[in-house]
Amino acid sequence: MDRFDGKVVIVTGAASGIGEATARRFAAEGAKVVLVDRNRTALEKLAGELAPDKTLARVADVSDSQAVDEIVSTTVKRFGRLDVLVNNAGVHEGGDPTKVTNDQWRKVMATDVDGVFYGCRAALPHLEKSKGSIVNTASVSGLGGDWGMSPYNAAKGAVVNLTRALAMDMGKKGVRINAVCPSLTRTGMTADMMDDQDLLAKFAERIPLGRVCEPREIASVIAFLASDDASFMTGANVAVDGGVSASNGQPPQE
């Protein structure tokens, strides 16, 4: 497909996991892609595998509003426009809520909430010109609570409702804003969980499709939401979770 031929896309958290899969998907569909991540080595490796004339890599921390502003400005100067922003960069902290430190709380909020807002704020004037769209990476953890994950739940819940609010503000200006809400996905953030077979068995029991998600499966939904195929979708928080959010929470009955 060439749904994004001539389009310009920024992907944050692009060096691994969902972000990498998303960047590759947009590139495969013809987009000029701006890769943003804190990991220089992984970022440069990915950039080297994509078309050099259609790829721009920038090392940055999305919790730095000035850095985000500069990325958007540089993108428009280099490629002349901006059509899609994918706010995917994220971190995770959790544990006993009585022992969560201020630094842990701020780390999650600074990246997972502040970074999303900074990206949206900087991109929206350009997206209004191109009638473009934003796709945020939220989580099923933003649609319901988890045990031992209060900072992450709070942050992703904020992204879910920020997505709705921005969609309302920007709809009549021609900008669509949606989010994907993955369940357990095979990424660097979850690498330690992938080695715990007992834990994976528990997840498989709760996920109707019976397995974890692969990054490319999230990327395909992100690409759909950003494309004209989703032209009447905005303010949606799309669960890409193997059916886990279809449950009312009661255990299976054998």
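Taking Lys and Arg as +1 and Asp and Glu as -1, the other residues whose beta-carbon sits under 10 Å from that of Val8 total +4. Which of the lysines could a cross-linker span from Lys107 if the Cα-Cα distance has to be under 22 Å and same-chain partners fewer than 8 positions apart are dropped? The reachable lysines, counting only those whose Cα sits under 22 Å from Lys107, are Lys99, Lys156. Straight-line cross-link partners of Lys7 among the lysines, defined as a Cα under 25 Å from its Cα and at least 8 positions apart when in the same chain: Lys32, Lys45, Lys54, Lys77, Lys129, Lys131, Lys172, Lys173. Rounded to the nearest 10 degrees, the angle from helix 17-28 to the longest Cα principal axis of the chain is 40 degrees.
For segment 79-232, the spherically averaged projection of the C-alpha convex hull amounts to 10.3 nm². Relative contact order for the chain using alpha-carbon pairs under 8 Å, separation at least 6, rounded to a whole percent? Relative CO of the chain lands at 19 percent. Scanning the chain for trypsin sites (Lys or Arg not before Pro) in DSSP loops with at most 14 neighbouring Cβ atoms within 10 Å leaves 1-98 as the longest stretch between them. Express in % the proportion of alpha carbon pairs of segment 104-170 at distances exceeding 15 Å. The answer is 53 percent, as a whole percent. Computed from Cα positions, the angle between helix 215-226 and the longest principal axis of the chain comes to roughly 50 degrees. With the helix formula -39500 (n - 2.57) applied to DSSP H stretches of n ≥ 4, the chain reaches a computed 222 nm mean residue ellipticity of -13000 deg cm²/dmol.
Loop exposure criterion: chymotrypsin sites (Phe, Trp or Tyr not before Pro), DSSP state outside H, G, I, E and B, at most 16 other Cβ atoms within 10 Å. Applied to the chain, the longest stretch between such sites is 1-146.
P(r) tail, segment 140-198: Cα-Cα pairs separated by more than 14 Å, 65% of all pairs. Take the convex hull of the alpha carbons in segment 162-254; its mean projected area over all directions comes to 7.6 nm².
Backbone phi angles across segment 139-153, fed through the Karplus curve with coefficients 6.51, -1.76 and 1.60 (θ = phi - 60°), yield HN-Hα couplings of 5, 4, 6, x, 9, x, x, 10, 6, x, 9, 4, x, 5, 4 Hz in residue order; Gly and Pro are listed as x.
Scattering from the C-alpha atoms of segment 1-144 alone, worked out with Debye: what is log10 I(q)/I(0) at q = 0.20 1/Å? Cα-only, vacuum Debye calculation for segment 1-144: -1.19.
All of the numbers you see were taken from the coordinates with simple rules; none came from a lab. Note that the structure is a prediction, hence the values are computed from the model and not measured. All Cβ positions, glycine included, derive from the backbone under ideal geometry; neighbour counts span all protein chains shown.
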